[in-house]
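Read the structure below first, then the notes.
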Amino acid sequence: MAHPGLTNTVLVVDDEAVIRARLKGYFEREGYRVLEAGDGEQMWQQFTNQHIDLVMLDINLPGTDGLSLARELRSRSDVGIILVTGRDETIDKIVGLEMGADDYVTKPFELRELLVRVKNLLWRISLVKKAQQDVVEQFEQCDDIIAFDQYILELNSRKLSRGDEVIKLTKAEFELLTAFALHPQQVLSRERLMQQTSHRNEEVNDRTIDVIIRRLRNKLQADLFVTVHGEGYLFATKIKD
C-alpha cells in the first residue's frame, strides 16, 4: 500500500491540548501535515481556510458535539472522518457511522493502530476517487442519455424513468446501475462494482453489493441483473441506439 501521508492534511479536533499535541507530533513525524482545533468553531475555521483530507473528531467536545459535527461535515464534504471517544459503547459506534463517519476509535488508543486506520481510510478514499474519475471519463465518452428495455437513464441529472414515471434511486443504486449500463452484457465482479460506489467504510463488502442489486431488481420491473455464480453479475439487456 502506498504511503498517502506525504501529501495529506489531517485535522485533529479535540478539546484536550495534550492529546492534540501528542497526535500532531506523531503524525508529523510520519510525514503528514497536521492542523488543530479545540472545538467545532475552530474546526470550521480550519475547514474553510485549508484543504483537509481527514478529520480526527472527538465526540465529547464543548458546544456542538462531535456526532453533530460529523453529520454536518458529511453533508458538506467527502472528507475522511474518524470519530474518537473515551466511551466504548456499541450504540455510539453505530450512531457515529450513521452520522457519516468512516471509522471509530476509542480512547485510550495506540498511536500505531490509529496510524494504520488513517492510512487505510486515505487509501480507500483514493480508490473511490479513482473509480469516480473513471466513471466521469466514461460519461464524457458516451451520450448523456442511456436507453434500455423500457427505461431511460439520464446521467447528468441522475434520473431513471419509465415512460412518465420517475424511479427514485439512492446514490449507491444510481452508481451501480450506471456501471451496468456502461458495460451491458458483461460480467462485472463484486470487487469491481464496489469500486464504482462512493462507500468507503470497511464494512462495505460483497453482501452490500448483493443488497443494492436486490433493491434495483425490486425497483425495475424487468429482471435485468443476472447472477453469474462465482464471478459476479451481468446486465442482461442491450443499450438502444
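The values are calculated or read from the model by the stated rules, or taken from the named source; none is laboratory data. No experiment lies behind these values; they were computed from the predicted model shown. Here the Cβ is made from the backbone with ideal geometry for all residues, glycine too, and neighbour counts use every protein chain on show. Please note that ligands, DNA and RNA were not included when accessible areas were found on the heavy atoms of the full protein model with its side chains. Shrake-Rupley method; radii C 1.70, N 1.55, O 1.52, S 1.80 Å.
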Quiz item: Excluding ligands and nucleic acids, what accessible area in Å² is computed for residue 28 using a 1.4 Å probe, to the nearest 10?
Solution: 80 Å²
Practice problem: Using a Förster distance of 22 angstrom, determine the FRET efficiency expected from the C-beta separation of residue 16 and residue 110, and round it to 0.05. | Solution: 0.80
Practice problem: Return a whole-number percent for the relative contact order of region 1-75, with Cα pairs under 8 Å and 6 or more residues apart as the contact set. | Solution: 35 percent
Practice problem: Compute the distance in nm between two label points, each set 7 Å from the Cα along the Cα-to-Cβ direction, one at residue 145 and one at residue 215. | Solution: 2.7 nm
Quiz item: Which links in 119/240; 119/159; 107/129; 107/168; 119/168 stretch past 32 Å when you go from one Cα to the other?
Solution: 119/240; 119/159; 107/168; 119/168
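Excluding residue 14 itself, calculate the net charge of residues whose Cβ lies under 13 Å from the Cβ of residue 14, where each Lys or Arg counts +1 and each Asp or Glu counts -1.
Charge balance in the 13 Å sphere: -2.
R0 = 25 Å: FRET efficiency of residue 156 with residue 189, Cβ-based, nearest 0.05?
Details: r = 27 Å, r/R0 = 1.09.
After rounding to 0.05, the efficiency reads 0.35.
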